[in-house]
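Worksheet: one structure, shown below.
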């Protein structure tokens, strides 16, 4: 009688397991279907007059690039630093004043490797060998004898100044440094990630999009103007996966119950 009852219960749990498994087999996870245009690599899009290029797409991430034709750049020249100009070295000399209006560029000369120097009383000298008679000449005087007078240039605030191939403007001078500024094109990058919001367009007239990389469409990104729509569909997927996990739990528990019932019912009698 016990074996018969166990068999009946085992069949009941088998039916429950089979029903749950069949539901798992026919159930389909809801997809994400958004409004918005799709773009592939090298495609362009314009948002309120600002143009972007899809530089890369793949593995749930991508990059948009935009060229700012009039980006502002700055550089600083520290006091007593050196710069290269016209294949020569120049030292930046700024007056020790609270508000200097200009700085000086003075040409620098390097001693050759075969020149010997010594320091006496904190002054550096070059050892000059003139036919067996050695004498000491200050480094500055020696350079003047070898190279002539160094070239100098006065640069004031507001002056145009050629720096590393750029036509710059001296925008500010302090006792510590001089600031140069100029405009030139600059490529700006905007990163895209699955489900991430991105703001495109000019400041004050921009738009927010959500980036989505459709399943089964490699190399494509979709920009949706309705970010909230994406989250509601993701929540629906999460709910579906929770239900599937519950059904799998029923299948596994039912199978274990069947095995336990049959195993206990058909134990040999003592």
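Every number here is computed from the coordinates shown, using simple stated rules; none is lab data. Quick caveat: nothing in here was measured; it's all calculated off a predicted structure. Using ideal geometry, Cβ is built from the backbone for each residue, glycine included, and neighbour counts are taken over all protein chains shown.
The table that follows gives values for the structure above.
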item: Share, in percent, of DSSP beta bridges within segment 73-184 that are antiparallel, nearest 5; result: 100 percent
item: Förster radius 51 Å - calculated FRET efficiency between residue 206 and residue 117, Cβ distance, rounded to 0.05; result: 0.25
item: Extension reserve of the residue 151-residue 99 stretch, reckoned as 0.36 nm per residue once the Cα distance is removed; result: 16.2 nm
item: Length added when fully stretched, residue 35-residue 164, from 0.36 nm per residue minus Cα-Cα; result: 41.6 nm
item: Estimated Rh, segment 73-184: Kirkwood, alpha-carbon pairs, angstrom; result: 16.1 Å
item: Kirkwood Rh, Cα atoms: Rg over Rh of segment 142-216; result: 1.35
item: Paramagnetic reach from residue 55 (point 7 Å along Cα→Cβ, amide N under 13 Å) across segment 161-205; result: 186-192
item: Chain lengthening between residue 171 and residue 136 when straightened (0.36 nm per residue, less Cα-Cα); result: 8.2 nm
item: Label-point separation, residue 86 to residue 71 (7 Å along Cα→Cβ), nm; result: 3.1 nm
item: For segment 54-113: relative contact order, % (alpha-carbon pairs under 8 angstrom, 6 or more apart); result: 19 percent
